[in-house]
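J.: Starting off with a structure, shown below.
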Amino acid sequence: MKLGVNIDHIATLRNARGEDFPSPVHAAFVALEAGASNVTCHLREDRRHIRDNDVKIISELTKRLNLEMSADEKIIKIALDIMPKSITIVPEKRQELTTEGGLDVAADIKRYKGITDAFKFKSSDSTISAFVEPDFKQADAAKEAGFDFIEIHTGRYAGETLQDRKAKELERIHRTVNYALGIGLKVNAGHGLDYKNIYDIALIEGFYEFNIGFSIISKSVFTGLETAVREMLGIIKDAEFARFQHDTNN
Ligand code: PXP
């Protein structure tokens, strides 16, 4: 299982003083050196953190950008120009603090099919993912719309404090992973994942990659980004090892 690191909030800090540091490009290289498989940037319509030049440079220099974006036409045009290694389509509202809820692919399969076709027509090297709730209907719709991946929104799992409800949500995620794999999709997960809640979710077999931002960037303020990334990867590897031991003992 791989770890993608969302570096949006390096840009938040940079923009707070209107300086050119800390640099998201520098952060991208540190995260990748520390073992991340990609860096994720969300180019928001309001450009509140990551900006056009950031994604262009990071994509060009690292070749490992996962560009998170809405299905807005202007943003799609920029993404088609850059053609990052991967694209993740998310819902986006102006007022939200972070991405709230998953994309409703089932509500407009035709529109999303048009988007996946446009990217595939430009290049077959990039993959395209839909950020959705853990829901079979959304997985079916994503498949029909031509997405290669779904990224399961783990916000509800992360935010749940009651243990029985958290366990139920984890079960819903587990069933969706199996279902999505069964219909030929690859599966990522992200949102609200941190150093405490990643272990249980990483015990589930079948994920390709976790995309984690806020908890890693927050920790990096005290430990440095390299240590923060390595520590998260260590927990993911611990869970993988525990699963492997369990499987070989049974
Ligand atoms: N994956 C997606 C699709 C997201 O929208 C976000 C938030 O930008 C993340 C992962 C990372 O979430 P967090 O910052 O809570 O780790």
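J.: Name the residues in the range 43-69 that are under 16 Å from Asn6 (Cα atoms) and assigned to a loop (DSSP other than H, G, I, E, B), would you?
T.: Residues satisfying the conditions are Leu43, Arg44, Arg47, Arg48, His49, Ile50, Arg51, Lys63, Arg64.
J.: Scanning for something β-branched (Val, Ile, Thr), open to solvent by less than 20 Å² (accessible area, probe 1.4 Å) and in contact (Cβ under 8 Å) with a residue 60 or more places away in the chain, does the range 44-61 turn up at least one residue?
T.: For the range 44-61, residues β-branched (Val, Ile, Thr), open to solvent by less than 20 Å² (accessible area, probe 1.4 Å) and in contact (Cβ under 8 Å) with a residue 60 or more places away in the chain: absent.
J.: Moving on. Name every residue in the range 147-200 that is within 15 Å of the ligand (Cβ to nearest atom), closer than 28 Å to Ile115 by Cβ and among the hydrophobic types (A, V, I, L, M, F, W, C), in order of residue number.
T.: Phe147, Phe149, Ile150, Ile152, Ala158, Ile173, Val187, Ala189, Leu193
J.: Of these, Ala31, Ala36, Ala106, Ala27, which one is touching a Lys or Arg at 6+ places or on another chain (Cβ under 6 Å), under 30 Å from Leu203 (Cβ atoms) and either without any contact (Cβ under 8 Å) to a residue 24 or more places away in the chain or not acidic (Asp, Glu) (or both)?
T.: Result of the check over Ala31, Ala36, Ala106, Ala27: Ala106.
J.: Only residues in the range 204-218 that are among the aromatic types (Phe, Trp, Tyr) and open to solvent by 10 Å² or more (accessible area, probe 1.4 Å) count as the first member; pair them with residues that are more than 10 Å from the ligand (Cβ to nearest atom) and in a helix (DSSP H, G or I), Cβ under 9 angstrom, at least 6 apart or cross-chain, and list the lot.
T.: Pairs that qualify, where the first residue is among the aromatic types (Phe, Trp, Tyr) and open to solvent by 10 Å² or more (accessible area, probe 1.4 Å) and the partner is more than 10 Å from the ligand (Cβ to nearest atom) and in a helix (DSSP H, G or I), are Phe207/Val177; Phe207/Ile201.
The values are calculated or read from the model by the stated rules, or taken from the named source; none is laboratory data. Please read all numbers here as calculations on a predicted model, not as lab measurements. As a convention, Cβ positions derive from the backbone with ideal geometry for all residues, glycine included, and neighbour counts pool all protein chains shown. Quick note on the areas: whole protein, heavy atoms, side chains included, nothing else; ligands and nucleic acids left out. Shrake-Rupley method; radii C 1.70, N 1.55, O 1.52, S 1.80 Å.
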